[in-house]
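The values are calculated or read from the model by the stated rules, or taken from the named source; none is laboratory data. From a predicted model like this one, the values you see are computed outputs, not experimental measurements. Don't worry about glycine lacking a Cβ; one is built from the backbone with ideal geometry, like all the others, and counts go over all protein chains shown.
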Amino acid sequence: MARFLVTGAAGFIGSHLVEALRASGHDVVGVDRRPGADVQGDLLTMDLAPLLDGVEYVVHLAGQPGVRESWSQFPAYLAGNVQTTQRLLEALRGRPLKKFVLASTSSVYGEAPMPAREDGPALPVSPYGLTKLAAEALCDLYGRTAGIPWIALRYFTVYGPRQRPDMAFTRWLSAALAGEPIQVYGDGSQLRDFTYVADAVAATQRAALNPVVGMPINVGGGRAVAVREAIRLIAIITGRPLRVEWLPPAPGDMRETRADTQRLWQEVGFLPSTPLEEGLRQQYRWLQAQRA
């Protein structure tokens, strides 16, 4: 079994990944600024050497998430997404690491044609997407100059239990539970490639242990669903009619995200399979349990 360091271990994807790795028998150390990880600390300031001793795999999930706030809080995004990545990579220089796995995002594609291919253009339309693309460039730099084996996983709209409170499905399901209207940016025709968290975690674990290095890999279902369709499914799952407040599109929001998953299948041997309705049901049950 392998020894992993997972950053962002108390977060949405990180907490699920730590559980999955431990269930597979791996030795895992989780670090996060928030309570709930094995080690609580800030990657920008803490001594990284003790964390990295004996570590074979680093999965770097810590970062500053969210498109909309990245316009007004750019220094926080530079620190959380770029500086932490560089600091980790520099601390790994000369160590016998098997792989550095960077959590990236579909937001790096921006205005690129869909379905998005990893070898196609990356044209981010938000500071968030730009900082994640910069983090990928740092991985490539350290791979070429310091020999650090790396991959970057470009997650497409991950959802499910423990999703952040600011994310759309959590907000909408919570509003449905409370009998409140839901707020939606745009007209609902925008398309999203929704990826259930268990699928994202399975792809991450397999990609980490797979020999593939030196490239980004899309992690998405490969099927774009209109936001209006997701809202319709939420109404069915909750059994409640939904009142929708339509808001203007937010700066940096993409009209469509859809992953080309050919590389994920060829290099990792995995494709997400959870239908959107089933994943939403699991997230709704989790929210109900949280409120019980």
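A few notes on this one:
- Contact map, segment 91-110: first residue at negative phi, second residue among the basic types (K, R), Cβ cut-off under 7 Å, separation 6 or more or different chains; pairs are S104/K132; S104/R154; T105/K132; T105/R154; S106/R154; S107/K132; V108/K132; V108/R154.
- Residue count, segment 9-43 (criterion: closer than 16 Å to A103 by Cβ and polar (S, T, N, Q)): 1
- Any hit, segment 251-267, residues being of a type in the set (S, T, Y), in contact (Cβ under 8 Å) with a residue 60 or more places away in the chain and farther than 14 Å from F156 by Cα: no
- Elements of type helices (runs of 4 or more DSSP H) in segment 136-238, at least 1 residues being aromatic (F, W, Y): 168-178
- Count of residues meeting criterion [under 21 Å from T204 (Cα atoms) and either in contact with an Asp or Glu (Cβ under 8 Å, 6 or more places away or on another chain) or without any contact (Cβ under 8 Å) to a residue 40 or more places away in the chain (or both)] in segment 81-90: 0
- Scanning segment 34-46 for residues that are of a type outside the set (V, I, T) and touching a Leu at 6+ places or on another chain (Cβ under 8 Å) turns up just one, L43.
- Among residues of segment 33-73, those that are touching a Ser or Thr at 6+ places or on another chain (Cβ under 9 Å), at pLDDT 95 or above and surrounded by fewer than 14 Cβ atoms within 10 Å (Cβ to Cβ), counted: 2
- L233 being of a type in the set (A, V, I, L, M) and in contact with a Leu (Cβ under 9 Å, 6 or more places away or on another chain): yes
- Listed here are the strands (runs of 3 or more DSSP E) enclosed by segment 25-135 that have at least 1 residues being over 16 Å from N218 (Cα atoms) and of a type in the set (D, E): 27-32.
- The residues on offer are P241, P272, P249, and the sole one that is closer than 25 Å to P165 by Cβ, touching an Asp or Glu at 6+ places or on another chain (Cβ under 6 Å) and part of a loop (DSSP other than H, G, I, E, B) is P272.
- Going through (1) modelled with pLDDT of 95 or more; (2) in contact with a Phe, Trp or Tyr (Cβ under 7 Å, 6 or more places away or on another chain) one by one, W286 falls short only on (2).
- Segment 252-269, subset of a type in the set (D, E, K, R), touching a helix residue (DSSP H, G or I) at 6+ places or on another chain (Cβ under 9 Å) and not in a helix (DSSP H, G or I), residue surrounded by the fewest Cβ atoms within 10 Å (Cβ to Cβ): D253
- Comparison of G214, G239 shows that the only residue that is surrounded by fewer than 22 Cβ atoms within 10 Å (Cβ to Cβ), on the phi > 0 side of the Ramachandran plot and touching a residue at least 40 places away in the same chain (Cβ under 8 Å) is G214.
- Search result, residues across segment 135-179 that are more than 16 Å from T204 (Cβ to Cβ) and in contact with a Cys (Cβ under 9 Å, 6 or more places away or on another chain): I148
- Within segment 20-37, tally of residues that are in contact with a helix residue (DSSP H, G or I) (Cβ under 8 Å, 6 or more places away or on another chain), of a type in the set (A, V, I, L, M) and closer than 18 Å to A198 by Cβ: 3
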